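Below you'll find the structure, written out as structure tokens, and then a few comments.
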Amino acid sequence: MSPAAHAAVGAALAHRTRSLPLGLAAAFASHFLLDAIWHFEAFYAVAVSLGVSVEAAVLITALPVGLVIGPAMLWLSRADREVLLFCGYAAAANLTAFAGSWERQLALAAALSAIFLALTRSRRAWVWIAGALAANIPDQWKLWSEGMRSFHDWWHYGWESDLGFWLHRLAGETPPSFWGRLEDPLSILGYVLQIAIEAALLLGGLWLLARPRRQARKQEERQPSIAPLAERV
């Protein structure tokens, strides 16, 4: 699961849970639950198939997906500047996956968090960042802790049983090899569905962040104006 999706879900859990410690614990636990859900991670197969680096494969995959998800993110944040800034933070958080060592990843995450908090100083912004960091910290933790790596890998769904695999099983067909899935229609459909699942989790988290402000605005619009009465008086 991408750091952006982890950040959005973690921030939403921290924000919507009455107890902040409980919310942060839920954000931390959500990392493993989200990684257990099917999501697209066939970047190595894309890289081998196209003859490019893994980093280039990530960009090749991320750019078209971003062009589809980006407008939805902007629409969700249209009425809330802080949600818009958090969308930028979540998107930039994906860069931590390329930072290398866990020290560099944490340093980049801290820098991005500081920039976000400098641009918005509300209490909820601190809660969002705390939840986002709690949800993403297992990916840095596993880089220096063998125990965390084993636990993380145990929870993570296996690429050998992705959605394309199960679509073939439902169709009564034998799934192709990992390297042949990018040329197989059912496997490609499985990858598309996995991207859709991750997009739904990302946008769902952002929707929960934006919901209170939208509800307050709708309530204000429904309240009758007292201006005409004041004019008559």
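Out of the residues in region 155-198 meeting the condition of being under 15 Å from MET1 (Cα atoms) and among the aromatic types (Phe, Trp, Tyr), tell me which one is modelled with the lowest pLDDT.
Taking region 155-198 first, the residues under 15 Å from MET1 (Cα atoms) are 155-159, 162-163, 191-198.
Adding the requirement that they be among the aromatic types (Phe, Trp, Tyr) leaves 155, 157, 159, 191.
Values: TRP155: 94, TYR157: 93, TRP159: 81, TYR191: 94.
The qualifying residue modelled with the lowest pLDDT is TRP159.
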Any hit, region 16-28, residues being crowded, with 22+ Cβ neighbours inside 10 Å, in contact (Cβ under 8 Å) with a residue 40 or more places away in the chain and of a type outside the set (D, E, K, R): yes
Cβ pairs under 9 Å, 6+ apart, first in region 165-183 and of a type in the set (Gly, Ala, Ser), second surrounded by 14 or more Cβ atoms within 10 Å (Cβ to Cβ): ALA171/LEU186; GLY180/SER187
Region 66-90, residues that are closer than 24 Å to TRP159 by Cα and in contact with a helix residue (DSSP H, G or I) (Cβ under 6 Å, 6 or more places away or on another chain): ILE69
Scope region 28-81; condition under 30 Å from SER177 (Cβ atoms), more than 13 Å from the chain's Cα centre (by Cα) and of a type outside the set (A, V, I, L, M, F, W, C); matching residues: GLU41, TYR44, SER49, GLY51, SER53, GLU55, THR61, PRO64
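Assess whether ILE115 counts as being buried (at least 18 other Cβ atoms within 10 Å of the Cβ) and under 30 Å from LEU209 (Cβ atoms).
no
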Count of region 96-121 residues which are in contact (Cβ under 8 Å) with a residue 40 or more places away in the chain and either of a type outside the set (Ser, Thr, Tyr) or over 22 Å from VAL65 (Cβ atoms) (or both): 4
Region 78-95, residues that are in contact (Cβ under 8 Å) with a residue 60 or more places away in the chain, within 15 Å of TRP207 (Cα to Cα) and among the hydrophobic types (A, V, I, L, M, F, W, C): ALA79, VAL83, PHE86, CYS87, ALA90
Residue count for region 139-164, restricted to those that are of a type in the set (Gly, Ala, Ser) and in contact (Cβ under 8 Å) with a residue 24 or more places away in the chain: 1
Residues satisfying the stated conditions in region 145-192, i.e. under 23 Å from the mean Cα position of the chain (by Cα), closer than 21 Å to GLY66 by Cβ and surrounded by fewer than 18 Cβ atoms within 10 Å (Cβ to Cβ): ILE188, LEU189, VAL192
Enumerated helices (runs of 4 or more DSSP H) restricted to region 1-60, each holding at least 2 residues that are within 27 Å of VAL83 (Cα to Cα): 3-16, 20-36
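The values are calculated or read from the model by the stated rules, or taken from the named source; none is laboratory data. Computed from a predicted structure; not experimentally measured. In this analysis, Cβ positions are derived from the backbone assuming ideal geometry, glycine residues included, and neighbour counts consider all displayed protein chains.
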